[in-house]
Amino acid sequence: MKNSSFRIAVLPGDGIGVEVMEACLAVLDALQKRVGGFALAYERVPGGAHHYRDTGDAFPESSFAAAERADAILFGAMGWPEIRYPDGTEIAPQLDLRFRLDLYAGVRPIRAIPGVAPALADPRAKDIDLVIIRESTEGLFASRGKGEVIADREARDTMVITRATSERLFDYSFRLAAQRRRAGRPGRVTCVDKANVFRSMAFFRKVFLERAAAHPGLAADTHYIDAMALDLVRKPWTFDVMVTENQFGDILSDLGAGLIGGMGFAPSGDIGDAHAMFQPSHGSAPDIAGRGIANPTGMFLSAAMMLDWLGARHGVGACSEAARLLEEAVDGAFGQDGVRSADIAGRHGTADVTRAVIARLA
Ligand code: ATP
């Protein structure tokens, strides 16, 4: 019999992470009632900057163990500008989790939501529907905590690209493109790099082209990162799946979120072969925390990605169906019911957006 009961590690974290998580759990409860056929058991897991301030530990080993044994991880946001490690770096357990659980594929869908005015005036901007896959365990971030400053004269951080991770990353990208093609999208993967300058990036591209040859039914092309910064603004509706190095993906995914209404609308999944974590692309947003105006949409769409991933992995159709319904409820709330969150100059706070989405699920 298929297991349709899932343990979800819930990590609200800091700032608006806590607020959007609370909203998300209410939506997930409504969704379980509506769809039936699957059950989510939440385990709340402490961690984050405020936890560090209170206990001296940003992410206890017991929290890591809870995340590791869960069927999926639902993450709000962690970090706070004024609370830092003694060396001045920010508290970011999400980066440690990506490395320790080998969550190599950072999947960031950039999809225009009906009713939310896109940043670009071109009417084709309403058709934006692409996915940025950011490698999340190596690249320039491999140097995190290891960079050196030599005698206050020179500083170095090193980019690391491995064949093993790149192959898995590209294969994941082609599998996603195939899945999207079945749903009517082009089924094309674009590798974004700087192969004309760096050996590491030329190697990244070489491995990409090898893996592209192993997926002959799907289109593959390459783009330099600087040209992509241009084209993501000039004609974002022409892209399908793009895959890139960690630091490049970090930057492009914020640019992508800007195209579709801002950080509040952008979901993400950090996916590995054995574990997966889902979180909105935004951070803890200290400037608006505690005011009840955070847009929970990115969190809701991340939860939809989690359900879709659980459904596919465990063969539970009810989860996949719930994912689809949740996306539709978000689209309906903004596209038909006139919901306008504060980040797009609307008057609806976190609770209003949540109520509207739950009403759609009733
Ligand atoms: P991090 O480095 O942790 O990603 P950050 O400081 O780069 O965080 P965010 O915390 O994502 O950035 O915030 C960037 C801006 O976007 C802030 O002005 C914030 O208020 C706004 N913002 C982020 N998320 C939301 C949201 N869900 N709703 C409304 N505004 C948001």
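Summary table below
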read-out	value
Among the residues listed as Ala274, Ala351, the single one being among the aliphatic types (A, V, I, L, M) and either under 26 Å from His50 (Cα atoms) or touching an Asp or Glu at 6+ places or on another chain (Cβ under 6 Å) (or both)	Ala351
Pick from segment 104-154, criterion assigned to a strand (DSSP E or B) and of a type in the set (Gly, Ala, Ser), ranking: surrounded by the most Cβ atoms within 10 Å (Cβ to Cβ)	Ala105
Count of segment 248-287 residues which are under 10 Å from the mean Cα position of the chain (by Cα) and more than 13 Å from the ligand (Cβ to nearest atom)	5
Residue within segment 333-352 that is touching a residue at least 24 places away in the same chain (Cβ under 8 Å), assigned to a helix (DSSP H, G or I), open to solvent by less than 30 Å² (accessible area, probe 1.4 Å) and not aromatic (Phe, Trp, Tyr) present	yes
Criterion (within 11 Å of Val192 (Cβ to Cβ) and in the same structural domain as Ala178 (by TED's automatic domain parsing)) met by exactly one of Leu218, Leu232	Leu232
Ala304 under 23 Å from Leu176 (Cα atoms), more than 10 Å from the ligand (Cβ to nearest atom), surrounded by fewer than 24 Cβ atoms within 10 Å (Cβ to Cβ) and aliphatic (A, V, I, L, M)	no
Hits in segment 248-274 (condition: open to solvent by less than 40 Å² (accessible area, probe 1.4 Å) and under 19 Å from Ala9 (Cβ atoms))	Pro267, Ser268, Gly269, Asp270, Ile271, Gly272
Condition check for Leu361: in contact (Cβ under 8 Å) with a residue 60 or more places away in the chain, more than 11 Å from the ligand (Cβ to nearest atom) and under 20 Å from the mean Cα position of the chain (by Cα)	no
Of all residues making up segment 50-91, the number that are among the acidic types (Asp, Glu) and open to solvent by less than 60 Å² (accessible area, probe 1.4 Å)	1
Residues of segment 14-44 classified as acidic (Asp, Glu), within 16 Å of the ligand (Cβ to nearest atom) and surrounded by fewer than 23 Cβ atoms within 10 Å (Cβ to Cβ), total	1
Filter result for Gly47 (outside the structural domain of Arg180 (by TED's automatic domain parsing), open to solvent by less than 40 Å² (accessible area, probe 1.4 Å) and either among the acidic types (Asp, Glu) or not in a helix (DSSP H, G or I) (or both))	yes
Boolean, Gly290 is in a loop (DSSP other than H, G, I, E, B), surrounded by 20 or more Cβ atoms within 10 Å (Cβ to Cβ) and either within 16 Å of the ligand (Cβ to nearest atom) or at pLDDT below 95 (or both)	no
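Residue by residue, here is whether (1) over 23 Å from the mean Cα position of the chain (by Cα); (2) farther than 30 Å from Asp87 by Cα holds:
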position: Ala151; (1), (2): yes, no
position: Arg163; (1), (2): yes, yes
position: Leu169; (1), (2): no, yes
position: Ser200; (1), (2): yes, no
position: Val207; (1), (2): yes, yes
position: Ala219; (1), (2): yes, yes
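The values are calculated or read from the model by the stated rules, or taken from the named source; none is laboratory data. Note that this is a predicted model, so its numbers are computed, not measured. We place every Cβ from the backbone using ideal geometry, glycine too, and count neighbours over all the protein chains shown. The protein model used for the area step is the full one, side chains on, heavy atoms only, and it has no ligands, DNA or RNA in it. Shrake-Rupley method; radii C 1.70, N 1.55, O 1.52, S 1.80 Å.
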